[in-house]
Amino acid sequence: MNVESLGFASQHLLNLIESQGATGTWGWRFADNDHVWSPGLFRVLGLDPQSTRPGYDRLLGLLHPQDRERVETGLDLIQGVTFGQKTVRLLRPDGAIRVLSARSEIYLTPDGRPRGAAGVVLDVTDQERLQQARQAIAAPASHNSSPSTNGPSRPIANNSGSPDRTSPDR
């Protein structure tokens, strides 16, 4: 079975996916400089679709300055250059910093010239924060372990800062 056999257009499937709020798509037709952003992209970027004109330069302008060099410029895309999958930081107008996984693709004319580009972004901020929290928890545990006991090398402190006498390591 494929999506077409379900009796609804792939646009409906895309709308369903984007309604979860963590993904968006964009497209750019080079010949007439026409840019299209999905409703989901506006949400991910924190922009109002009624007052924001889509554009690749606007998208790049929202990226953290240190991450911009890892993303294709408009000229790169027009010349058919894409860097594949990447993770970048987004600086939203409301001041929030989000982490995006992004991928772009070039579309060619029959004779092989770039005619347009499209991309997808996925907001992976929550996954990144969870990963960082796991690493932060794992790092102290690995530094505080005693090889012989495989547990904390000192008593666990309670809120008062004194050793917790209920700890098995007293």
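Taking 0.36 nm per residue of separation and subtracting the Cα-Cα distance, full extension of the segment from residue 32 to residue 103 would add 23.3 nm. Summarised in one figure, the compactness ratio Rg/Rh of the stretch 50-119, Cα atoms and Kirkwood Rh, is 1.01.
With contacts taken as Cα pairs under 8 Å and at least 6 residues apart, the stretch 12-113 reaches a relative contact order of 18 percent.
In sequence order, the stretch 111-117 has phi-based couplings of 8, x, 8, x, 10, x, 9 Hz under the Karplus curve 6.51 cos²θ - 1.76 cosθ + 1.60, θ = phi - 60°, and Gly or Pro positions carry x.
For the stretch 27-150, the Kirkwood estimate of hydrodynamic radius, built from reciprocal distances between every pair of different alpha carbons, is 16.6 Å. Label sites at residue 137 and residue 70, each approximated as a point 7 angstrom past Cα along Cα to Cβ, lie 2.5 nm apart. Each residue, residue 96 and residue 83, gets one label point 7 Å from its Cα in the Cβ direction; the gap between the two is 2.4 nm.
Here, each number is a calculation from the coordinates, and none is a lab measurement. Given the structure is predicted, the values throughout are model-derived calculations rather than measurements. Every residue, glycine among them, receives a Cβ derived from its backbone with ideal geometry; neighbour counts consider all protein chains shown.
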